[in-house]
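K.L.:
Take this structure, written in structure tokens, and hold onto it; I'll ask about it next.
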Amino acid sequence: MLLQQLFERQRSQPVQSARAGGMFQELQYPILHERPGSQPGTTEKFNLSFRDKSGFNGSSSEAFLNKAGNGSKWNGLRLDHGPNAKSNGQTNWHWNQKGAKNAFGRADHAVASPMTAKAASALKAVKPAARGAMIVGAGMDAFSIGKEANQSMQTGEWDNTINRTAHVAGGWAGAYAGAKGLGALGAGLGSLVAPGIGTMIGGALGGFVGGMAGYMGGSSLADWATGNL
């Protein structure tokens, strides 16, 4: 009974909403405003992501601002923690850029400010925890659907399984939409305040909050549609 109560508490809507917010790091966000291009008089579009889209597993970067439409190749600005060629090989937080100096005002291998380094360290710590929470949340939702399905097979009544499936599907669809929308808005606003680190912080916060709100709104909408609200 105690384990059952604990499980029910852990899969409550607010807790699952927070876990769903962890998907912020898995998504890509278009920067709403074009940035100055690498050639005088030109502008370019960028996307924010928190995963190396090239698929390189050993990346020491935590956030990426890639030129839009550049495929799987990295071309832009990234925040990196590792040996810095411009600091005699010392390990520090620094910016690596390729064709994005005009867009964000950061030279290649430029050492990050202390404030930027603190924000980057926090992001580095949060990302694995958030991904783990998201996976746990998805697993608990899948388990809850299985539990309802098992009950339905015994009773022959499937409304409970349909309702639970709608709740879960609505929640995760809402989380995706919310994270994408608020993440892009946050990245755009952050770019206006502090291009580069502001873009990354704004995108991460917007994506996380949007994912939380989207899960809660989407699951509630599904409950209303199935008559369970």
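The values are calculated or read from the model by the stated rules, or taken from the named source; none is laboratory data. On a predicted model such as this, the values are computed, not experimentally measured, just so you know. Cβ sites come from the backbone with ideal geometry, for glycine too, and all protein chains shown count toward neighbours.
K.L.:
Would you mind stating whether Thr165 is of a type in the set (Val, Ile, Thr) and farther than 17 Å from Asp223 by Cβ? It would help to see each step written out before you state the result.
P.N.:
On the way: of a type in the set (Val, Ile, Thr): yes; farther than 17 Å from Asp223 by Cβ: no.
So Thr165 fails the test.
K.L.:
Return the residue satisfying two criteria in turn: it lies in segment 15-37 and is in a helix (DSSP H, G or I) and among the hydrophobic types (A, V, I, L, M, F, W, C), and of such residues it is modelled with the lowest pLDDT.
P.N.:
Val15
K.L.:
Also: Could you tell me whether segment 125-145 includes any residue that is under 21 Å from Ala18 (Cβ atoms), touching a residue at least 60 places away in the same chain (Cβ under 8 Å), surrounded by fewer than 21 Cβ atoms within 10 Å (Cβ to Cβ) and among the acidic types (Asp, Glu)?
P.N.:
Scanning segment 125-145, I find no residue that is under 21 Å from Ala18 (Cβ atoms), touching a residue at least 60 places away in the same chain (Cβ under 8 Å), surrounded by fewer than 21 Cβ atoms within 10 Å (Cβ to Cβ) and among the acidic types (Asp, Glu), so the answer is no.
K.L.:
Which condition number in (1) surrounded by fewer than 21 Cβ atoms within 10 Å (Cβ to Cβ); (2) at pLDDT 95 or above is the one that Trp93 fails?
P.N.:
(1)
K.L.:
What are the residues in segment 15-37 that are more than 15 Å from Gly190 (Cα to Cα) and in contact with a strand residue (DSSP E or B) (Cβ under 8 Å, 6 or more places away or on another chain), if any?
P.N.:
Selection gives Leu27, Gln28, Pro36, Gly37.
K.L.:
Sticking with this structure for a sec: Determine whether segment 147-170 contains at least one residue that is within 29 Å of Gly211 (Cα to Cα) and either assigned to a strand (DSSP E or B) or touching a Lys or Arg at 6+ places or on another chain (Cβ under 7 Å) (or both).
P.N.:
yes
K.L.:
Another question, if that's okay. All but one of (1) surrounded by 13 or more Cβ atoms within 10 Å (Cβ to Cβ); (2) under 22 Å from Leu189 (Cβ atoms); (3) without any contact (Cβ under 8 Å) to a residue 60 or more places away in the chain hold for Asp52; which doesn't?
P.N.:
The single condition Asp52 does not satisfy is (2).
K.L.:
Let me ask another. Need at least 2 residues that are aromatic (Phe, Trp, Tyr) per element, so show me which strands (runs of 3 or more DSSP E) inside segment 38-146 make the cut, counting only ones lying wholly within it.
P.N.:
Counting at least 2 such residues, we get 91-97.
K.L.:
Please determine whether any residue of segment 148-163 is in contact with a helix residue (DSSP H, G or I) (Cβ under 7 Å, 6 or more places away or on another chain) and either of a type in the set (Val, Ile, Thr) or in contact (Cβ under 8 Å) with a residue 60 or more places away in the chain (or both).
P.N.:
Taking every residue of segment 148-163 in turn, at least one turns out to be in contact with a helix residue (DSSP H, G or I) (Cβ under 7 Å, 6 or more places away or on another chain) and either of a type in the set (Val, Ile, Thr) or in contact (Cβ under 8 Å) with a residue 60 or more places away in the chain (or both).
K.L.:
Kindly indicate whether any position in segment 62-71 is surrounded by fewer than 15 Cβ atoms within 10 Å (Cβ to Cβ) and farther than 20 Å from Gly188 by Cα.
P.N.:
yes
K.L.:
Return the total of residues in segment 76-91 being under 24 Å from the mean Cα position of the chain (by Cα) and either in contact (Cβ under 8 Å) with a residue 40 or more places away in the chain or farther than 18 Å from Ser191 by Cβ (or both). Working first, answer last.
P.N.:
Applying the first criterion (under 24 Å from the mean Cα position of the chain (by Cα)) to segment 76-91 yields 76-82.
Right, trim to either in contact (Cβ under 8 Å) with a residue 40 or more places away in the chain or farther than 18 Å from Ser191 by Cβ (or both) and you get 77, 79-82.
Counting residues in segment 76-91 that are under 24 Å from the mean Cα position of the chain (by Cα) and either in contact (Cβ under 8 Å) with a residue 40 or more places away in the chain or farther than 18 Å from Ser191 by Cβ (or both) gives 5.
K.L.:
Scan segment 162-172 and tell me whether some residue there is out of contact with any strand residue (DSSP E or B) (no Cβ under 7 Å at 6 or more places or on another chain), within 30 Å of Leu77 (Cβ to Cβ), at pLDDT 95 or above and surrounded by fewer than 23 Cβ atoms within 10 Å (Cβ to Cβ).
P.N.:
No, there is no match, as no residue in segment 162-172 is out of contact with any strand residue (DSSP E or B) (no Cβ under 7 Å at 6 or more places or on another chain), within 30 Å of Leu77 (Cβ to Cβ), at pLDDT 95 or above and surrounded by fewer than 23 Cβ atoms within 10 Å (Cβ to Cβ).
K.L.:
Additional query: Quick one: is Gly105 more than 28 Å from Ala130 (Cα to Cα), of a type in the set (Gly, Ala, Ser), surrounded by 13 or more Cβ atoms within 10 Å (Cβ to Cβ) and out of contact with any Asp or Glu (no Cβ under 8 Å at 6 or more places or on another chain)?
P.N.:
yes
K.L.:
I've got another one for you. Just checking, how many residues over segment 192-219 are outside any helix (DSSP H, G or I) and either at pLDDT 95 or above or within 9 Å of the chain's Cα centre (by Cα) (or both)?
P.N.:
Residues meeting the conditions: 0.
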